[in-house]
Amino acid sequence: MESLRDIVDAAAEGIFPPADGGTTVVAQHSPRDAGVLCFTAHSVVFTDEDPEWVRASLAATECDALSASMNPRFLAALMERTGRTSETIDAMLVASPLPGEPPLPLREIMDACHPRVVYARRRRDDVRVWTVDGGVLTTGRGIAGRLEVSVEVDEGVRQRGLGRALVRAARHLVAEPLWAQIAPGNARSVRAFQGAGYRPVGSEILLIPRQPRGDR
């Protein structure tokens, strides 16, 4: 049976589920992550819940069938059933690694108590963090163990190309496809990633376990 990791790895190579309007339901790769990936005319729901419940809930959602897996009513039902929460639906992008050293003087943070490391470890494994004047670059293993990247740029140096330079530099640090999740409304970030060679492949929503208020 095809796993979530199989689907993610194939998508990184430009091989996608059939554009047949269908939905594939697969088990979670880890207890931490559940959610939905949407490709062209095909969705992938990754959850340890009963696949028949997922399919029945999708069929009962009052909307175009192609939109059901990202419809707020279905997602609310899935979060209620799983006891999970979420933040946003993201655009899903991927890029291949680049040879050579990164063209930025990156300094890796080894302090496990650094705020960026602590935050990233809530969502990812094998977290690594680098800094450069005005910015922070983070990589780690997220959905299905894929390698993911995120960046932060200080307010005072934004709109100068540092974000694009950071996400391109990240491609020199890895030996496998590098994934990014971006809120579609964050047009500046979308442009930065696309300008650095990341290509859009779909959308996703990650459902995460609810945390006690004191732990947030």
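Modelling each spin label as a point 7 Å along the Cα-to-Cβ direction, I'd like the Trp53/Thr40 distance in nm, to one decimal.
Inter-label distance under the simple model: 3.4 nm.
Starting from the residue with the highest accessible area, list Arg124, Arg210 in decreasing order, probe 1.4 Å.
Largest to smallest exposure gives the sequence Arg210, Arg124.
Equivalent-ellipsoid semi-axes (√(5λ), Cα gyration tensor) for the chain, whole Å, largest first?
Each semi-axis is the square root of five times an eigenvalue, giving 31, 19, 16 Å.
How do Arg146, Arg123 rank by accessible surface area computed with a 1.4 Å probe, from largest to smallest?
So, going from the largest accessible area down, we get Arg123, Arg146.
Looking at segment 57-182, send over the antiparallel percent of its DSSP beta bridges, to the nearest 5.
So the antiparallel bridges amount to about 90 percent of the total.
Show me, for segment 196-209, the HN-Hα J-couplings you get by feeding each phi into the Karplus relation (A = 6.51, B = -1.76, C = 1.60, θ = phi - 60°), rounded to Hz, glycine and proline as x.
These are the phi-based 3J(HN,Hα) values: 8, x, 7, 10, x, 10, x, 9, 8, 9, 9, 9, 10, x Hz.
Please report, to one decimal in angstroms, the Kirkwood hydrodynamic radius of segment 62-166 built from all distinct Cα-Cα pairs.
This gives a value of 16.5 Å.
From the helices alone, meaning DSSP H stretches of at least four residues, give me the mean residue ellipticity at 222 nm for the chain, per-run term -39500 (n - 2.57), in deg cm²/dmol to the nearest 500.
Per the formula, -7000 deg cm²/dmol.
Consider all pairwise Cα distances in segment 104-199 and report the whole-number % of them above 22 Å.
For segment 104-199, the fraction of Cα-Cα distances above 22 Å is 23 percent.
What is the sum of charges around Val117, taking Lys and Arg as +1, Asp and Glu as -1, for the other residues whose C-beta is under 10 Å from the C-beta of Val117?
Net charge in that neighbourhood comes out at +2.
What number, in percent, do you get for the relative contact order of the chain if the mean sequence gap of Cα pairs under 8 Å and at least 6 apart is divided by its residue count?
About 25 percent, as a whole number.
Give the carbon-plus-sulfur fraction of the accessible surface of segment 37-155 in %, rounded to a whole number; probe 1.4 Å, heavy atoms of protein chains only.
Ligands and nucleic acids excluded, carbon and sulfur reach 51 percent.
In whole angstrom, how far apart do the alpha carbon centroids of segment 137-193 and segment 1-77 sit?
One Cα centre to the other: 25 Å.
Per residue, how much accessible surface does the chain expose to a 1.4 Å probe? Answer in Å², no decimals.
I get 52 Å² per residue for this part.
The values are calculated or read from the model by the stated rules, or taken from the named source; none is laboratory data. Remember, it's a predicted structure, so these values are computed and weren't measured experimentally. Every residue, glycine as well, gets a Cβ built from its backbone with ideal geometry; the counts of neighbours run over all protein chains shown. Note: areas computed on protein heavy atoms with side chains; ligands, DNA, RNA excluded. Shrake-Rupley method; radii C 1.70, N 1.55, O 1.52, S 1.80 Å.
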